[in-house]
Amino acid sequence: MDGGESIWLKTRAYAHRLWFGAPGAKTPWVRRVFLVLFFFALPAPVLALLVFRFVPIPFTPQMALDLVTFNAVHYSWRSADEISPYLGRAVIGAEDQNFCTHNGFDFEEIERAWRDYRVRHKPLRGASTISQQTAREVFLTSWRSFIRKGAEAYLTVLMEALWPKKRIMTVYLNVVDWGHGTYGAEAAAQHYFGVSAASLSRDQAARLAAVLPNPEKWKADRPGRYVRKRTGTLVARQGQVVRDALDWCLK
């Protein structure tokens, strides 16, 4: 028996003992629960992130939930080169202007949101970065809870450590929910404007970014007063993104 085979046999025996316990012992169900939780907390997401750094996301938990509840899902993966650069600039301008410089969490924006809530008595708004939203879309569902928020933060840390910013943006633009079962830039471009994601104009990209907070309510193809105003703001911000090189990590 060579050394490699001996190590394999010892490893298999150890894993068997870890799962089933010592011979004659009671079933270690607490240990099994712990091992399952550990697997889904560390090895599973790390492995998935390593694979999806290079492989397109086949579907997300929310897409799967839509399918099992008999809701339509429209989704087509596109590479970074097949998505208009206007769209990346628009979502940076709309959602996360510090995307290229933060490590997954924009603490300045979090502090600003908390100050607006406590001092100016404004409604408490979310301050999720594109990285956080990507982690949520890829691994979690839309159900809101403190547990989901904690899982989102943990997955964001892993994602920022294992993916470059360009990959995070590419995945985000491919899996984000644009309403009515429409996921990702290609499906949204086709659904709302009848064009490919690569052909989105500056104004169309701004309209898609404008409706992201509530795509079920606001319409990119038939914009109301708020969306028209927001679109104008985001067209201007795209110019700011280019001028200040806020999208340098995507190049």
message: Looking at the structure I just gave you, is Q238 closer than 30 Å to L49 by Cα and assigned to a helix (DSSP H, G or I)?
response: yes
Single match in L250, L200 (criterion: in contact (Cβ under 8 Å) with a residue 24 or more places away in the chain, surrounded by 22 or more Cβ atoms within 10 Å (Cβ to Cβ) and either out of contact with any Pro (no Cβ under 9 Å at 6 or more places or on another chain) or not polar (S, T, N, Q) (or both)): L200
query: Residue check, L65 against (1) part of a helix (DSSP H, G or I); (2) modelled with pLDDT of 95 or more; (3) touching a Ser or Thr at 6+ places or on another chain (Cβ under 7 Å), all met but one. Which one?
result: (2)
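Which one of T134, T141 is modelled with pLDDT of 95 or more and touching a helix residue (DSSP H, G or I) at 6+ places or on another chain (Cβ under 8 Å)?
Answer to the check: T134.
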- line: Counting only residues in the range 203-224 that are among the basic types (K, R) and modelled with pLDDT under 95, the one surrounded by the fewest Cβ atoms within 10 Å (Cβ to Cβ) is identified as R222
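Quick check on the range 153-181: of everything there that is aliphatic (A, V, I, L, M) and farther than 21 Å from R89 by Cβ, which residue is surrounded by the fewest Cβ atoms within 10 Å (Cβ to Cβ)?
Once the filter is applied, the top-ranked residue is A161.
Does G184 count as on the phi > 0 side of the Ramachandran plot, surrounded by 14 or more Cβ atoms within 10 Å (Cβ to Cβ) and in contact (Cβ under 8 Å) with a residue 60 or more places away in the chain? Steps first, answer last, please.
Working: on the phi > 0 side of the Ramachandran plot: yes; surrounded by 14 or more Cβ atoms within 10 Å (Cβ to Cβ): yes; in contact (Cβ under 8 Å) with a residue 60 or more places away in the chain: yes.
Yes: the conditions hold for G184.
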query: When only residues in the range 188-197 that are buried (at least 19 other Cβ atoms within 10 Å of the Cβ) and among the aliphatic types (A, V, I, L, M) count, which is farthest from K229 (Cα to Cα)?
result: A197
Hits in the range 225-234 (condition: more than 18 Å from A188 (Cα to Cα) and not charged (D, E, K, R)): Y226, G232, T233
Selection from the range 126-151 of residues that are surrounded by fewer than 19 Cβ atoms within 10 Å (Cβ to Cβ) and not β-branched (V, I, T): G126, A127, L140, S142, W143, R144, S145, F146, R148, K149, G150, A151
- request: Could you please let me know if V157 is under 30 Å from L47 (Cα atoms) and in a helix (DSSP H, G or I)?
  value: yes
- request: Determine, yes or no, whether L173 is within 17 Å of T60 (Cβ to Cβ), modelled with pLDDT of 95 or more and assigned to a helix (DSSP H, G or I).
  value: yes
- request: Would you mind stating whether R207 is assigned to a helix (DSSP H, G or I), of a type outside the set (G, A, S) and in contact with an Asp or Glu (Cβ under 9 Å, 6 or more places away or on another chain)?
  value: yes
Any hit, the range 106-123, residues being at pLDDT 95 or above and touching a Ser or Thr at 6+ places or on another chain (Cβ under 6 Å): no
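Every residue in the range 132-152 that is among the hydrophobic types (A, V, I, L, M, F, W, C) and either over 13 Å from P45 (Cα atoms) or not in a helix (DSSP H, G or I) (or both), please.
Once the filter is applied, which keeps residues that are among the hydrophobic types (A, V, I, L, M, F, W, C) and either over 13 Å from P45 (Cα atoms) or not in a helix (DSSP H, G or I) (or both), the range 132-152 yields L140, W143, F146, I147.
The values are calculated or read from the model by the stated rules, or taken from the named source; none is laboratory data. Values in this document were obtained by computation on a predicted structure and should not be read as measured data. Using ideal geometry, Cβ is built from the backbone for each residue, glycine included, and neighbour counts are taken over all protein chains shown.
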